[in-house]
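In what follows, a single structure is set out as structure tokens and then discussed.
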There are 2 protein chains.
Amino acid sequence: MNSLAYALLSVLTRESMSGYDLMLRIQPFWQAKHSQIYPLLSKMEQAGYVEHILVEQSDKPDKKVYSSTEAGLSALRDWLSQPSADLVTRDEMLIKVYASWLGDRAELRRHLEDRIVACQKRLRHLEGLRDKYSSDFQADAGAMDLLSPAFSSYILIRRSLQIVNSDLEWCHWVLELLMQQELASGTDMTSTT
Amino acid sequence: MNSLAYALLSVLTRESMSGYDLMLRIQPFWQAKHSQIYPLLSKMEQAGYVEHILVEQSDKPDKKVYSSTEAGLSALRDWLSQPSADLVTRDEMLIKVYASWLGDRAELRRHLEDRIVACQKRLRHLEGLRDKYSSDFQADAGAMDLLSPAFSSYILIRRSLQIVNSDLEWCHWVLELLMQQELASGTDMTSTT
DNA sequence: GTTATCATGTAATTGGTTACATGATTGG
DNA sequence: CCAATCATGTAACCAATTACATGATAAC
């Protein structure tokens, strides 16, 4: 049982779903491929934390719909009381930024622009999630029940949006510094693109 | 050659240092233990990207001081021109927050407070780095050479500080929502601590 | 005396990605 | 006709952590 297993349980205690749907649901908050999720679900089922029923579909392939068991719920509750591992970030682009003085301005700008595109895509996705669940998130957050699934989702999505927005903010800040110096130096850097 | 290898090269093209020092230097931006770094440096040396000399010390254990070779520099330059892998974050606490509705307010608050402490520690460390290199970071960022090691370090540290501060901001926001409801409901949640 | 820092390494294990494999349906 | 989505799985490999191992010196 690793963090991913508990992440899967966290979803399944709210709603039963297939491994495929779990993957899609978890992606924005914990990156995991199907090749990691399917064997893990099998192991969790063997351990008695989840169970599945086969749902046959005519238009789409059949699927296994997983649910959390009582044992799964109590394992999750135990895990919740444990202290958390430190946050881990692996941002290859930041390493490239650190070494960017070896290259040229156009290269650095390209990395920043790529990141901006990726952020915007993620932003649209998160805003979609926010809007999808906005009916659960009452207008007045102060009046919301703070120990409800809706509130937990709400603060999680807020956090994710905040992270993406701060990434965008930083990219634009660096881009502006780059543009300013390009103008000041009078060289036409656009030709290098 | 993985991301970590290029991260090591990025440091070594600026300054020669031991595996131990590389570990300390890289930690804030790319988590890696010594047990991953030492074997990797050996592999990189075999591949001709780095080389080392043995420096004997009387007060401390002897060390191997690594430097980047020409081949290492050009490998790094090639890597810089490649598109970056997506940002990966693994934040166990966020999963716990998502499942926090299964627990109680005190538990959620404890997680947030633990994170705040961790952030403050990291903040102090990053501010230390910023101050240490502040002489390189001229007061007027606009006048700084944008393709210098100093500028690259400057924007990297700015980004790291921004990330920590936004984390802190979010934690305090959630904590305040929690406190408000505790007051409103009139229950004395502090007794659960 | 015990803990922390400096300094290096290996071995075992877990975590995670890439590639291989299949197959239906829908939209462009 | 080709790509994308849905849906599941395995095998091989790479990345990363934990544990094992050593040993000096300095601070508390």
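For (1) in contact with a helix residue (DSSP H, G or I) (Cβ under 9 Å, 6 or more places away or on another chain); (2) more than 9 Å from DNA strand C (Cβ to nearest atom); (3) among the acidic types (D, E), each residue gets a yes or a no:
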residue: A:A32; (1), (2), (3): yes, no, no
residue: A:L40; (1), (2), (3): yes, no, no
residue: A:Y49; (1), (2), (3): yes, yes, no
residue: A:E56; (1), (2), (3): no, yes, yes
residue: A:D62; (1), (2), (3): no, yes, yes
residue: A:S74; (1), (2), (3): no, yes, no
residue: A:D86; (1), (2), (3): yes, yes, yes
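What is the number of the single condition among (1) within 13 Å of chain B (Cβ to nearest Cβ); (2) closer than 25 Å to A:K132 by Cβ that A:I37 does not meet?
(1)
What do you reckon, is B:S18 at pLDDT 95 or above, within 14 Å of DNA strand D (Cβ to nearest atom) and closer than 27 Å to B:Y154 by Cβ?
In short, yes.
Would you tally the residues in the range A:11-20 being out of contact with any strand residue (DSSP E or B) (no Cβ under 8 Å at 6 or more places or on another chain) and either in a helix (DSSP H, G or I) or within 14 Å of DNA strand C (Cβ to nearest atom) (or both)?
The qualifying residues number 0.
Do you know which of the residues in the range A:100-159 that are free of Cβ contacts under 8 Å to residues at least 24 places away in the same chain and more than 13 Å from chain B (Cβ to nearest Cβ) is least open to solvent (accessible area, probe 1.4 Å)?
Per the stated criteria, the residue is A:G128.
For B:Q27, work out the one condition from (1) more than 9 Å from chain A (Cβ to nearest Cβ); (2) touching a Gly at 6+ places or on another chain (Cβ under 9 Å) it doesn't fulfil.
For B:Q27, the exception is condition (2).
Given the conditions (1) more than 14 Å from DNA strand C (Cβ to nearest atom); (2) in contact with a strand residue (DSSP E or B) (Cβ under 9 Å, 6 or more places away or on another chain), which single one is not true for A:R109?
For A:R109, the exception is condition (2).
Can B:A75 be described as of a type in the set (G, A, S) and facing chain A (nearest Cβ under 10 Å)?
It is false that B:A75 is of a type in the set (G, A, S) and facing chain A (nearest Cβ under 10 Å).
Please go through the range A:160-181 and pick out each residue that is among the charged types (D, E, K, R), within 9 Å of chain B (Cβ to nearest Cβ) and surrounded by fewer than 18 Cβ atoms within 10 Å (Cβ to Cβ).
The one that is among the charged types (D, E, K, R), within 9 Å of chain B (Cβ to nearest Cβ) and surrounded by fewer than 18 Cβ atoms within 10 Å (Cβ to Cβ): A:E169.
The values are calculated or read from the model by the stated rules, or taken from the named source; none is laboratory data. Keep in mind the model is a prediction, meaning the values are calculated, not measured. Every residue, glycine among them, receives a Cβ derived from its backbone with ideal geometry; neighbour counts consider all protein chains shown. Keep in mind that these areas ignore ligands, DNA and RNA; they rest on the heavy atoms of the full protein, side chains included. Shrake-Rupley method; radii C 1.70, N 1.55, O 1.52, S 1.80 Å.
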